[in-house]
Amino acid sequence: MKLVAKVSLLTALAALVPTVAFAHTGTGFHSHGLMAGLAHPVMGWDHLVGLLAVGFWSMTLVKSQQTKVITTFFAMLMLGFVAGASGIASSAVESGIAASVLLAGLLLIRNRQFAMPAAAFFATFFAVFHGIAHGAETSVGASFEFAVGFMLSSAMLFACGALFQMAFAQRFAAVRYIAGAGVACAGLGMMAF
């Protein structure tokens, strides 16, 4: 079974898992303004782990793919945010986030290079679910500042994951396996609860 088919199957199965809201800091929290946007990705541990892991994974790709994957990720993150703010959300979003975190962990453990379409697919898969969940916390036009804060905070977390990979995992292969196992376990935990 090809890897893209496995990911599609994983996504379909994740949609069947009961959902729990992990990142919804909007409850009792103003979901608008720059500070709320900056805080939002950091307050939900699913987003925190996911963004760090995807930043880490992006730096394991060949140099020619890194810029394309990073650009794809942030474009799809913003598209997902707009979709969520427009009211396009479903109960499958949290399951998709959990599946994306699990997948990020497995990709780190496997450490395999992919053709650009597959790498872009994975980046899209990660970004859309995370973006929708964040966008669902606000409404269209309610807060441009929230969107700016959310994207800045997401970029900082992504960069932290990338820097961690460059500083430690390139020198010590065990770091990548340990981080991947931890991220995969977090994804499984999200699916279980």
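Remark: spin-label model distance I109-V42 equals 3.1 nm, labels positioned 7 Å along the Cα→Cβ axis.
Computed 3J(HN,Hα) for region 86-92, one whole-Hz value per residue from the Karplus formula 6.51 cos²θ - 1.76 cosθ + 1.60 where θ = phi - 60°, is 7, x, 7, 8, 8, 5, 7, glycine and proline marked x. For region 176-187, 3J(HN,Hα) computed residue by residue from phi via the Karplus equation (6.51, -1.76, 1.60; θ = phi - 60°) reads 4, 5, 5, 4, x, 5, x, 5, 4, 5, 4, x Hz, glycine and proline entered as x. Global dimensions of region 68-159 from alpha-carbon coordinates: Rg and Dmax equal 13.4, 42 Å.
Summing +1 for each Lys or Arg and -1 for each Asp or Glu, what net charge is found among the other residues whose Cβ lies under 13 Å from the Cβ of A184? Don't jump to the answer; show the numbers that get you there.
Working: positive: R110, R176; negative: none.
With Lys, Arg at +1 and Asp, Glu at -1, the net is +2.
Near D46, once Lys and Arg are set to +1 and Asp and Glu to -1 for all other residues with Cβ below 14 Å from its Cβ, the sum equals -2.
The modelled label-to-label distance for the pair L188/F168, using points 7 Å beyond Cα in the direction of Cβ, is 2.1 nm. Accessible area per residue (1.4 Å probe, heavy atoms of protein chains only) ranks K63, K68 as K63, K68, with the largest value leading. Restricting the calculation to alpha carbons of region 32-115 gives Rg and Dmax of 14.0, 40 angstrom.
The values are calculated or read from the model by the stated rules, or taken from the named source; none is laboratory data. Given the structure is predicted, the values throughout are model-derived calculations rather than measurements. Positions of Cβ are generated from backbone atoms using ideal geometry, with glycine treated the same way; all protein chains shown enter the neighbour counts. Heavy atoms of the whole protein, side chains included, go into the accessibility calculation; ligands, DNA and RNA do not. Shrake-Rupley method; radii C 1.70, N 1.55, O 1.52, S 1.80 Å.
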